[in-house]
Amino acid sequence: MSLKEDFKKFAMRGNVIDMAVGVIIGGAFGKIVGSLVNDIIMPPIGMAMGKMDFTNLFISLNGKEYATLEAAKKAGAPILAYGNFINTIIDFIILAFVIFMMIRQINKLTPPPAPKPEPRLCPYCKSEIADDATRCPHCTSHLESK
C-alpha cells in the first residue's frame, strides 16, 4: 500500500476525525474561557484588590523600574510576567471545572451497563462453562441441559 493510501486510511478513521473536531472546538472553547477570565472575572477581582491589573504584575530582572509590562517589553528588559501566569492558572481552573461539570452530566445521562448474567458453573468441578455445553471442558463430566 502506498504512503498516500495509508495516510488517507488513517485520516478517514472515525477516531481521528472526532479528535480533530474536539481539538478545534477545544481551541475555541479555550478562547471563550480566556475572555471570560480576562474580561469578566479579573476586572472585579482587580477592583476588589485596589484597582490592581493582574496583566501588569511583573518583575524586571535587570533592576530597572517600568510603568507597565508593555513598556518593559518595548525596552527589551528581561521580565517575569507573573500576572499573566495568574490569569493562565485561573483560565485552567475554570476550564477544568467546566469540563468536570460536563463529564459529570454526561455520566448522569448515560445509563449504567447491564449487569452481567451469572456464569454457569460445572456442578462437579465448579469451573465456568458455556450455557449450551453438554460436557465440562475441564473435568469432562456429562452435564444436564439448561
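Relative intensity of the chain on a log10 scale, I(q)/I(0) at q = 0.20 Å⁻¹, equals -1.17, per a Debye sum over C-alpha point scatterers of equal strength in the absence of solvent.
Helix 82-109 and the longest principal axis of the C-alpha atoms of the chain enclose an angle of approximately 30°. In this entry, segment 48-117 is assigned a mean projected area of 8.5 nm², taken as a quarter of its C-alpha convex hull surface. For Phe100, the accessible area of its heavy atoms, probed at 1.4 Å with every protein chain present, is near 110 square angstrom. Once both labels are positioned 7 Å from their Cα atoms along Cα-to-Cβ, the gap between Thr55 and Glu118 label points is 6.7 nm. I want to verify a result. In a Gaussian network model of the chain, Cα cutoff 10 Å, which of these has the top mean-square fluctuation: Arg13, Arg104, Arg135? The residue that fluctuates most here is Arg135. Residues Asp39, Asp6, ordered by accessible area of protein heavy atoms at a 1.4 angstrom probe radius and largest first, appear as Asp39, Asp6.
Of the residues Lys74, Lys126, Lys31, the one that moves most in a GNM of the chain with alpha-carbon contacts below 10 Å is Lys126. Compared with the direct C-alpha span, the chain from Leu143 to Ile89 gains 13.0 nm at full extension, assuming 0.36 nm per residue. Its Cα centre serving as origin, the chain has a Cβ charge dipole (Lys and Arg +1, Asp and Glu -1) of approximately 140 debye. For Arg120, the residues whose amide H sits under 5 Å from its own are Ile129, ignoring neighbours fewer than 5 places away on the same chain, with H placed 1.01 Å from N. Build a GNM of the chain with springs between Cα atoms under 10 Å apart, and of Ile129, Ile89, Ile106 the one that fluctuates most is Ile129. In the chain, taking the dipole from charged Cβ atoms about the Cα centre, the farthest positive-side position among Ala71, Asn15, Ala130 is held by Asn15.
Helix-only arithmetic for the chain: the sum of -39500 (n - 2.57) across DSSP H runs with n ≥ 4, divided by the residue total, places the mean residue ellipticity at 222 nm at -16000 deg cm²/dmol. The share of Cα pairs per 10 Å bin across segment 22-86, counted from zero up to the longest distance, runs 20, 37, 30, 12, 1 percent. Rolling a 1.4 Å probe across the protein heavy atoms gives the chain an accessible surface of 80 Å² per residue.
The values are calculated or read from the model by the stated rules, or taken from the named source; none is laboratory data. On a predicted model such as this, the values are computed, not experimentally measured, just so you know. So basically every Cβ, Gly included, is an ideal-geometry build from the backbone, and we count neighbours across all protein chains shown. Accessible surface areas use protein heavy atoms only, side chains included; no ligands, DNA or RNA. Shrake-Rupley method; radii C 1.70, N 1.55, O 1.52, S 1.80 Å.
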